[in-house]
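Let me give you the structure first, and then I'll get to my questions.
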Amino acid sequence: MTITAAARELQPQLIRFRHAMHQEPEIGLNLPRTQEKVLQALDSLPYEITVGKDTTSVTAVLRGTGGTAGSGDEAPGEAGHGRRVTPSVLLRADMDGLPVQEKTGVDYTSRLDGAMHACGHDLHTAMLTGAAALLAENRHKLAGDVVLMFQPGEEGFDGAGYMIREGVLDAPGRRVDAAYGMHVFSSLEPHGTFATKPGVMLSASDGLVVTVLGAGGHGSAPHAAKDPVTAAAEMVTALQVMITRQFNMFDPVVLSVGVLHAGTKRNVIPETARIEATIRTFSEASRERLMDSIPRLLKGIASAHGLEVDVDYQQEYPLTITDEDETHTAENVITELFGESRLSRWATPLSGSEDFSRVLAEVPGTFIGLSAVPRGADHAASPFNHSPYATFDDGVLADGAALYAELAMQRLAALSHSRTNS
Ligand SMILES: [Zn+2]
């Protein structure tokens, strides 16, 4: 039976898993109910399981028994050559939901007020449990080890960072050779389309917190106060002007002010004003320039008005940069399993960000998009991830699971082959 056919047989169980997880979304680094579901799904399979110390992550290692890899770590060769190390690859799924009130109206809708799997991480987790079963069935053909990385806290909590510090990249007893992640979206591409891009695929994400420090007073006598509100208003627009005048339009920068707050009463000039913004960049060079030019701009405006300003530039997630060879490997597996029509090679990155970037900064690998837009829906008009209306179709679960599993099998076979022949 082909891997896609085997995956299709798992489809009912993947849908059950996903719906159960969707109804009970958990947020952040502590996802005990979700962890329980994952552990249950892996329970009867031959994986070595470790759970996180500081988070509810799950790391599962499958030791392949196929190929020439054997089961050992290093087979010592003669006089320093011919050493053969069992190859290993990592597959990642994130598991956390978002503080969003679900409005999709699906019959498996969230049962928890104010929490929703609005980014489709429930599908990632279900697909990876499917891959776990497929890989276990094919263990005898597996020419190395597979690490499954079930990660909490992707949505701004740096769950990947925690797992890396706790050793997920060395889970087989040595550093993994390659890493693959997948992300569904609820629009952009027709149902079932996989998306790839070598190089920069997702932006870096940073935060900006600005406090303008003035001197409060009576609204009728601004000359006797130092008004932080007018300076803050100027800063909001000056930031946009700075980006268009100082940064190359072919290396885009996105800065959006999401918080602008000052004051308590209309006739009182407040002491301070606060601005918070999210910043997305597509090159390390732009990111570094911003860290320099934003404080310079804001301090200049504050000083022009006789005020002080406190500027806190907070680095969040780095650029998600995929490896060119690993991306081509993934493209080949996608077209082999599903045909050329199911692959979309993106020319430009997305302005979203991912903490899988931390994994790809350590080991070569790639990140694959998968459109779970409801079948028949207009993919250009469907609500995108994070919307309370974002709807993800179960129909992609089996194919996602098959791709995870096949990627791991093919990559291990190639790694094992190249090592035997070297
Ligand atoms: Zn996400």
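Among residues belonging to the stretch 350-399 that are within 14 Å of the chain's Cα centre (by Cα), more than 16 Å from the ligand (Cβ to nearest atom) and in contact (Cβ under 8 Å) with a residue 60 or more places away in the chain, point out the one that is farthest from K103 (Cα to Cα).
G365
For G192, indicate whether it is within 16 Å of the ligand (Cβ to nearest atom) and assigned by TED's automatic domain parsing to the domain that holds E331.
Spelling it out, it is not the case that G192 is within 16 Å of the ligand (Cβ to nearest atom) and assigned by TED's automatic domain parsing to the domain that holds E331.
Looking at (1) within 36 Å of the chain's Cα centre (by Cα); (2) at pLDDT 95 or above, find the lone condition where K265 falls short.
The single condition K265 does not satisfy is (1).
Additional query: From S286, S293, grab the single residue that is in a helix (DSSP H, G or I), touching an Asp or Glu at 6+ places or on another chain (Cβ under 7 Å) and surrounded by 15 or more Cβ atoms within 10 Å (Cβ to Cβ).
S286
Go through the stretch 164-190 and give me each residue that's assigned to a helix (DSSP H, G or I) and farther than 29 Å from V396 by Cα.
R165, D170
Now for a different question. Could you tell me whether any residue of the stretch 142-150 is in a strand (DSSP E or B), among the acidic types (D, E) and away from the ligand (no atom under 14 Å from the Cβ)?
Within the stretch 142-150, one or more residues are in a strand (DSSP E or B), among the acidic types (D, E) and away from the ligand (no atom under 14 Å from the Cβ).
Any residue at all in the stretch 85-98 that is modelled with pLDDT under 95 and either within 14 Å of the ligand (Cβ to nearest atom) or over 22 Å from A5 (Cβ atoms) (or both)?
Yes, the stretch 85-98 contains a residue that is modelled with pLDDT under 95 and either within 14 Å of the ligand (Cβ to nearest atom) or over 22 Å from A5 (Cβ atoms) (or both).
One line per residue, one yes/no per condition, for (1) buried (at least 19 other Cβ atoms within 10 Å of the Cβ); (2) touching a Pro at 6+ places or on another chain (Cβ under 9 Å); (3) assigned by TED's automatic domain parsing to the domain that holds D158:
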site	(1), (2), (3)
V309	yes, yes, no
V333	yes, no, yes
E354	yes, no, yes
S357	yes, yes, yes
V363	no, no, yes
R375	no, no, yes
F384	no, no, yes
G400	yes, no, yes
Y404	yes, no, yes
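Considering A160, A126, A136, A115, which residue is surrounded by fewer than 24 Cβ atoms within 10 Å (Cβ to Cβ), within 16 Å of the ligand (Cβ to nearest atom), aliphatic (A, V, I, L, M) and touching a residue at least 24 places away in the same chain (Cβ under 8 Å)?
Result: A115 is the single residue among A160, A126, A136, A115 that is surrounded by fewer than 24 Cβ atoms within 10 Å (Cβ to Cβ), within 16 Å of the ligand (Cβ to nearest atom), aliphatic (A, V, I, L, M) and touching a residue at least 24 places away in the same chain (Cβ under 8 Å).
The values are calculated or read from the model by the stated rules, or taken from the named source; none is laboratory data. Remember, it's a predicted structure, so these values are computed and weren't measured experimentally. Methodologically, a virtual Cβ is constructed for each residue, glycine included, from the backbone with ideal geometry; neighbour enumeration extends over all protein chains shown.
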